Amino acid sequence: MSSHPEIGSQLPEPGVPVIRNVNWGGLRTLYIKEVRRFFKVQLQTVWAPAVTTLLYLVIFTVALGGDGRMVVLDGVSIHYADFIAPGLIVMGMLQNAFANASFSLLVGKIQGTIVDYLMPPLSTGEMLAALAGGSVTRAFCVGGTVWLAMALWGVHVFPAHLWAVLWFGFLGSLFLSLMGVLTSIWAEKFDHAAAITNFVVAPLSLLSGTFYSVENLSPLFRAISHANPFFYIISGFRYGFLGVADSPVLLGTGVILGLNVVLGLACYTLLRRGWKIKS
């Protein structure tokens, strides 16, 4: 007989789960792991995108007429630097959210450490939430540094509607995070993830009205722009800074929310089945 009966009485019955609801401890641990992974090399993952984005701003404003160039958006004349600044901020957020999420599971598959994600007592939803949460955190870190760099440069980047900045920044970052998780599930080597970055994410972000107003395009190309989900993210984010946008804010919210639900369900299903993850 055991000399400590109180210890044995605390053990659960066979088949009874110890963690009955959300494993908050495991979720927090995986989230912190994802944040620490990119924060250890913050010079490359956070500060370098800020410098690159600021160079975009300087080059395009100088090449296209400097401070004297104006853009008419919804009947309002806006300085070109003020017009492109919000788009550049959110573009940096989107690209880095995708880069972070597309790296997580992929590096585990290549290095053989994917078991670190699969063995802990985490449900599929908890693992997906931690991976996406880490990527959204990196996106907001990058967005904050880009905003600070532009403010120090003298660009007017003070929000007119802070809720829209945070809302569309979150929706867009989550959208690219889920795309990144889906890519990391599918990809078998870094070249696959790079192909999605170069041929999907970069073109969609550059051709989404970041550097121009889609109102100036021909009807055909305007319709093509409206079929680009990045357009609604940038338009809503720009509304948060300038108070005007290329498209209705509610429409953009509905489009990106719907896409996030679809991508979230796809990621959840594939992770649960272990497609290209579990042998």
Helices (runs of 4 or more DSSP H) wholly inside the range 1-75 containing at least 3 residues that are within 30 Å of Ala97 (Cα to Cα) and modelled with pLDDT of 80 or more: 24-39, 48-63
Residues satisfying the stated conditions in the range 125-170, i.e. more than 15 Å from Ile89 (Cβ to Cβ) and of a type in the set (Ser, Thr, Tyr): Ser135, Thr137
Every residue from the range 95-146 that is among the polar types (S, T, N, Q), closer than 20 Å to Leu270 by Cβ and assigned to a helix (DSSP H, G or I): Asn100, Ser102, Ser104, Thr124, Ser135
Qualifying position, being more than 16 Å from Ala245 (Cβ to Cβ) and of a type in the set (A, V, I, L, M), among Ala164, Ala202: Ala202
In the range 79-99, the residues that are over 12 Å from Val157 (Cβ atoms) and out of contact with any Leu (no Cβ under 7 Å at 6 or more places or on another chain): Met91, Gly92, Met93, Gln95, Asn96, Ala99
Residue satisfying condition, being small (Gly, Ala, Ser) and closer than 30 Å to Arg272 by Cβ, within set Gly134, Gly154, Gly144: Gly134
Cβ pairs under 6 Å, 6+ apart, first in the range 155-182 and over 12 Å from Pro86 (Cα atoms), second polar (S, T, N, Q) and at pLDDT below 95: Gly180/Ser102
Single unsatisfied condition, Lys189 versus (1) under 16 Å from the mean Cα position of the chain (by Cα); (2) surrounded by fewer than 17 Cβ atoms within 10 Å (Cβ to Cβ); (3) of a type in the set (D, E, K, R): (1)
Residue tally, condition touching a residue at least 60 places away in the same chain (Cβ under 8 Å) and more than 18 Å from the chain's Cα centre (by Cα), over the range 213-245: 8
Filter result for Val244 (of a type in the set (Val, Ile, Thr), outside any helix (DSSP H, G or I) and surrounded by fewer than 22 Cβ atoms within 10 Å (Cβ to Cβ)): yes
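The values are calculated or read from the model by the stated rules, or taken from the named source; none is laboratory data. Here the structure is a predicted model, which means the values were calculated and not measured. Positions of Cβ are generated from backbone atoms using ideal geometry, with glycine treated the same way; all protein chains shown enter the neighbour counts.
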